[in-house]
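Bear in mind these aren't lab numbers, they're just calculated from the coordinates by the rules spelled out. Please read these numbers as outputs of a predicted model, since none were measured by experiment. Cβ placement follows ideal geometry from the backbone for every residue including glycine, while neighbour counts extend to all protein chains displayed.
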Amino acid sequence: MKNIVYCLCLFAFILVFSSCKKNLDDNLFNPSKISEYKLDGFGGTVDFRLNADYNIPDSSVHIFPLWSKTKNETDSTKIWAIYIGNFNKKGNIDPYDTVIVYFHGNKDHMDFYWQRAKLLAHTGGKLRYGVLMIDYRGYGLSEGKSTEETMYADADAAIKWLKQKRVSPQKYAVYGFSLGCAAATHVTYNAVPSFMPFAIALEAPFASVATLVNDGAGLNMDPLFFSTFKCDNNQRIKYIQQPFYWIHGTKDKFIPMKTNGELLYSNYTGVRKEAQRVEGAGHSDVPQTMSFKTYSESLFNFLTRKK
């Protein structure tokens, strides 16, 4: 009888953890599909809306497809991107322009993050920076389905586009928010010496999927019970030398600051780092809690500081 009870308990244990793995893997990517990008005309709920001072002229908004392919795929997948900025007569980005590559969070699509992209474009002044943003596979109009591997391939496609548009080396920075921090650390860690970002910024980053599992379960357990993902930002940050800007809300319950952001910050040993622990902010309200002006000034001062 004891053996039967033990087997039943073990079977229930396996079922529970198999279900948890599926749920966690699915929830890491929580996209929404749309029929078109509406940007400021998007009527859904967003984290914040900027006033008219942050408007982008239509001539500076470019929506276009990119082609993404992992090392194991034979066919490319079409994903969509938005670039805020101007092209020169040859259709390239002006070599004097500086670009922020923005990798968004785990839900919805680029319409949801459009206000954040506009805010970044106005860092340090009116349309001072170009901003490139993508929708991962399955998000918005992008085709396919996202996995950890395909997210990295999508991020690589964004960097490839920058090179094709003749962005000068050391004239782009990468910025990740939440899940997008994994894409940001990936492209920075894997950047070739001839085309390196000059800085990396991470907002509300998670250390790794293992850390998220342990935070959620309250137990020190093997994360493979819960997820097939690694997304080990904590390890990559150890090898990144570019200046590192970390910003995190002290009241973030989705990705707790102390077990995630603090760990990344302490593990970074590159040339320069700066921390912004935003008192009272949660996961999605860091810019407005700081005030948009303070947020922009802080990021601008970091990006333009030489040492």
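Which FRET efficiency, nearest 0.05, do K78 and F48 yield, Cβ-Cβ r, R0 22 Å?
Working from the Cβ atoms, E equals 0.15.
What FRET efficiency would be calculated for the residue pair K89, V192, taking the C-beta separation as r and a Förster radius of 30 Å, to the nearest 0.05?
Calculated value: 0.60.
Determine, for L66, L50, the number of other Cβ atoms within 10 Å of each Cβ, and report the residues in order from fewest to most.
L50, L66
Two decimals is fine: what is log10 I(q)/I(0) at q = 0.09, 0.13, 0.16 Å⁻¹ for the range 2-304, from a Debye sum with one equal scatterer on every Cα and no solvent?
Scattering profile of the range 2-304, log10 relative to I(0): -0.44, -0.90, -1.40.
Cα axis of helix 2-28 to longest principal axis of the chain: angle in degrees, 0 to 90, nearest 10?
It works out to around 10 degrees.
Please work out the C-alpha center-to-center distance from the range 154-207 to the range 240-302 and express it in whole Å.
Going from one Cα centre to the other spans 17 Å.
Q164 to K126: extension gain in nm, 0.36 nm per residue of separation minus the Cα-Cα distance?
Gain on extension, Q164 to K126, equals 11.1 nm.
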